[in-house]
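One structure is given below, represented as structure tokens, and several questions about it will come after.
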Amino acid sequence: MIIVRPVSLDDADVLLEWRNDPATRAASLSTQPVDRDAHVEWLMRAIADPRRTLYIGELEGTAIGTIRFDAESDTDVEVSLTVAPRQRGKRLAGPLLKAGLALFSGDAAQNQRITARIREENAASRALFTSAGFVELGSADGVLTYALPPREVRTEAPS
């Protein structure tokens, strides 16, 4: 069973390794590599930011990925997810998304809509979010926006 826990500064190196992985960068909206100092500064700000929630997913004590929720407004929260490079292909993204949504939605406002922005060519992420109940809202500049209606967040867990 995947558990999710809040990220700490102790996670900086593993998060940086995942962030700079070539496949991660290729699927990300931000494709440039990040140096350690900039990453640690970003992580400190992210942990302190009340509008951002960042979790590490673990399976049997091994970190398998990260899931982040960014409040874009009082009604919209954007989710993003990264599976650790060594854990890819093990069908862990769905359970990680489910565990992150379950923990986050316990604190989410009733009226919050969770969205995800995904590059059009990222078929795996598109399938993941669709299977979790997200619906496509539209696209701009090669990026698709998906949303999970608030009632789904509160009453139904994606499979």
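Confirm whether L15 is in contact with a helix residue (DSSP H, G or I) (Cβ under 6 Å, 6 or more places away or on another chain) and either within 29 Å of G142 (Cα to Cα) or basic (K, R) (or both).
No: the conditions fail for L15.
Taking V4 as meeting all but one of (1) touching a helix residue (DSSP H, G or I) at 6+ places or on another chain (Cβ under 8 Å); (2) surrounded by fewer than 16 Cβ atoms within 10 Å (Cβ to Cβ); (3) not in a helix (DSSP H, G or I), write down the number of the exception.
Answer for V4: the failing condition is (2).
When region 91-121 is examined, which residues are found to be in contact (Cβ under 8 Å) with a residue 24 or more places away in the chain, under 19 Å from I3 (Cα atoms) and basic (K, R)?
If the condition is that a residue be in contact (Cβ under 8 Å) with a residue 24 or more places away in the chain, under 19 Å from I3 (Cα atoms) and basic (K, R), then K98 is the only one that fits.
Please work out if R68 is under 22 Å from A124 (Cβ atoms), under 16 Å from the mean Cα position of the chain (by Cα) and charged (D, E, K, R).
The answer is yes for R68.
Looking at region 8-18, which of its residues are crowded, with 18+ Cβ neighbours inside 10 Å and among the charged types (D, E, K, R)?
D11
Yes/no per residue for (1) modelled with pLDDT under 90; (2) under 21 Å from W18 (Cβ atoms):
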| site | (1), (2) |
| --- | --- |
| V83 | no, yes |
| K98 | no, yes |
| A127 | no, yes |
| G142 | no, no |
| T155 | yes, no |
| S159 | yes, no |
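Scan the strands (runs of 3 or more DSSP E) fully inside region 42-146 and keep the ones with 1 or more residues being under 29 Å from D13 (Cβ atoms).
52-59, 62-71, 76-83, 113-119
Among (1) farther than 23 Å from W18 by Cα; (2) surrounded by 14 or more Cβ atoms within 10 Å (Cβ to Cβ), where does V135 come up short?
(2)
In the set R19, R25, which member is at pLDDT below 95, in contact with a strand residue (DSSP E or B) (Cβ under 9 Å, 6 or more places away or on another chain), assigned to a helix (DSSP H, G or I) and among the charged types (D, E, K, R)?
R19
What residue, of T62, T24, is exposed (fewer than 12 other Cβ atoms within 10 Å of the Cβ) and either among the polar types (S, T, N, Q) or in contact with a Cys (Cβ under 9 Å, 6 or more places away or on another chain) (or both)?
None of the others qualify; the one that does is T62.
The values are calculated or read from the model by the stated rules, or taken from the named source; none is laboratory data. Just so we're clear, the structure is a prediction, and the values are computed from it rather than from any experiment. Neighbour counts are summed over all protein chains in view; Cβ atoms, including those assigned to glycine, are modelled from backbone coordinates with ideal geometry.
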